[in-house]
Amino acid sequence: MRIATRLPGERALTAADADKIATIRGALIEIGSRWRARHPWADAHQDQIGLAFFVVSVAGVLADAVLYGLGVLPWWATIALTAFWLSILHELEHDLIHSMYFRTNRPVHNTMMFGVWFFRPSTINPWVRRRLHLHHHKVSGTDSDLEERAITNGEGWGPRRTISLLDSFLGMYTKPFRVHRMVSAYVKHEAETPKDAAYLRAINVMGYFPLGIFHYTLWHLFLGISVYELITGASVPGMGVLTFLAVTILAPNAVRTFCLHFVSSNMHYYGDIEAHNVLQQTQVWTAWWLKPFHALCFNFGETHAIHHFLVRDPFYLRELIKHDCQKVLAEHGVRFNDFGTFRRANRFGSVRA
């Protein structure tokens, strides 16, 4: 079995853990390389495959909207199907953040980046998220890991965490001081100069502008008017257009975001893990009852741990080789289905810190 090179931060780990991580990474490289050798066309056309997923997913979102407008698809099927297409767009965004498609063709790359944001307006600007996500890989599970902490990783269960998972905007409003501390920890760790710190604070404040603000304004308006109509029995003019938008884009994004944030915030560990120790950063979720969540976040809980050990492979390849990769992870001590973290607020140890 191939032993991969240790990354710089891993050199401070115990020899046992560093060797395990290198062994796992080497095995995952071999598994992915074998698949690439068996499918040389796919390996040579990774850009085109990513673009095909993008086009099909966007077409799926638009087709669902047309079929709903024509009365062919009921509202619940439209929401579920559209959320599935949006989950693919999320995976594409994640791969684009790691520059896996059209690395040298910036116009196409940036067009795809804008496209995955435009159809998922409940998320932050992907160019802003790129720096957050790359920082997440460097400091996963620690205080400055703003990407995961912002979606409730490390929080105890209660009304505030539940609200945050259901609605990111309301979640920020229910914990303004905690959000300020999280952003400050991120900026302090990531910024290289005072000017860079000011820039990071500014772009994080503007992360949801303009699409996120537009999305949440319409979504909250729809929910508010719906409650008003239910209570009073009155009809509000223009509600038909708002309902169409809610079914075809707003609600699918809300459902998809909840599924992703629920899975991601709970499969990542936080607070008592060793810096750069990938063995302690994530677990793998394969339980049967997670299937509905995984259906709308493209099996994130089953494959994301692979990505933490090896960034190289795109989302569709991780899905195709996941079973072989999961065997390697299990053999070397990566945790599976550790649902005790719900009691431990995502701590790795047995007692909440």
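Table for the structure above
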| quantity | calculated |
| --- | --- |
| Residue tally, condition crowded, with 23+ Cβ neighbours inside 10 Å and more than 19 Å from Ala330 (Cβ to Cβ), over the range 277-295 | 0 |
| Condition met for Leu62 (of a type outside the set (D, E, K, R), farther than 21 Å from Thr111 by Cα and either touching a Phe, Trp or Tyr at 6+ places or on another chain (Cβ under 9 Å) or modelled with pLDDT of 95 or more (or both)) | no |
| Of all residues making up the range 1-37, the number that are closer than 17 Å to Ser140 by Cβ, modelled with pLDDT under 95, in contact with a helix residue (DSSP H, G or I) (Cβ under 6 Å, 6 or more places away or on another chain) and not charged (D, E, K, R) | 1 |
| Conditions (1) touching a Gly at 6+ places or on another chain (Cβ under 9 Å); (2) closer than 19 Å to Cys259 by Cα; (3) in a helix (DSSP H, G or I); number of the one not met by Glu91 | (1) |
| Residue ranges of helices (runs of 4 or more DSSP H) in the range 138-248 with at least 2 members buried (at least 18 other Cβ atoms within 10 Å of the Cβ) and either aromatic (Phe, Trp, Tyr) or in contact (Cβ under 8 Å) with a residue 12 or more places away in the chain (or both) | 146-149, 159-166, 168-174, 176-190, 194-205, 211-232 |
| From Ile49, Ile31, residue being farther than 26 Å from Ala83 by Cβ and crowded, with 16+ Cβ neighbours inside 10 Å | Ile31 |
| Scope the range 185-208; condition charged (D, E, K, R) and in contact with a Ser or Thr (Cβ under 8 Å, 6 or more places away or on another chain); matching residues | Lys188, Glu190 |
| In the range 273-285, the residues that are within 17 Å of Gly9 (Cα to Cα) and in a loop (DSSP other than H, G, I, E, B) | Ile273, Glu274, Ala275, His276, Asn277, Gln281 |
| Extreme residue, surrounded by the most Cβ atoms within 10 Å (Cβ to Cβ), among residues of the range 102-137 that are without any contact (Cβ under 8 Å) to a residue 60 or more places away in the chain and either part of a loop (DSSP other than H, G, I, E, B) or touching a His at 6+ places or on another chain (Cβ under 6 Å) (or both) | Phe102 |
| Given (1) surrounded by fewer than 24 Cβ atoms within 10 Å (Cβ to Cβ); (2) under 23 Å from Glu155 (Cα atoms); (3) within 16 Å of the chain's Cα centre (by Cα), number of the condition Tyr316 does not satisfy | (2) |
| Among the candidates Pro292, Pro252, residue that is farther than 17 Å from His220 by Cβ, assigned to a helix (DSSP H, G or I) and either at pLDDT 95 or above or touching a Phe, Trp or Tyr at 6+ places or on another chain (Cβ under 7 Å) (or both) | Pro292 |
| Candidate set: the range 200-244, residues that are small (Gly, Ala, Ser) and within 20 Å of Phe169 (Cβ to Cβ); chosen: the one farthest from the chain's Cα centre (by Cα) | Ser226 |
| Complete set of residues in the range 67-80 that are without any contact (Cβ under 8 Å) to a residue 24 or more places away in the chain and either assigned to a loop (DSSP other than H, G, I, E, B) or surrounded by 12 or more Cβ atoms within 10 Å (Cβ to Cβ) (or both) | Leu67, Leu70, Gly71, Val72, Leu73, Pro74, Ala77 |
| Single unsatisfied condition, Asp313 versus (1) farther than 22 Å from Asp19 by Cα; (2) touching a Gly at 6+ places or on another chain (Cβ under 9 Å); (3) modelled with pLDDT of 95 or more; (4) of a type outside the set (S, T, N, Q) | (1) |
| Conditions (1) touching a Ser or Thr at 6+ places or on another chain (Cβ under 9 Å); (2) over 19 Å from His90 (Cα atoms); (3) in contact (Cβ under 8 Å) with a residue 60 or more places away in the chain; number of the one not met by His268 | (2) |
| Counted residues, the range 85-115 - those being more than 17 Å from Leu132 (Cα to Cα) and of a type in the set (Gly, Ala, Ser) | 2 |
| Residues of the range 118-146 satisfying the condition of being within 23 Å of Val179 (Cα to Cα) and aromatic (Phe, Trp, Tyr) | Trp127 |
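The values are calculated or read from the model by the stated rules, or taken from the named source; none is laboratory data. The model shown is predicted, which means the values in this text are computed figures rather than measured ones. Using ideal geometry, Cβ is built from the backbone for each residue, glycine included, and neighbour counts are taken over all protein chains shown.
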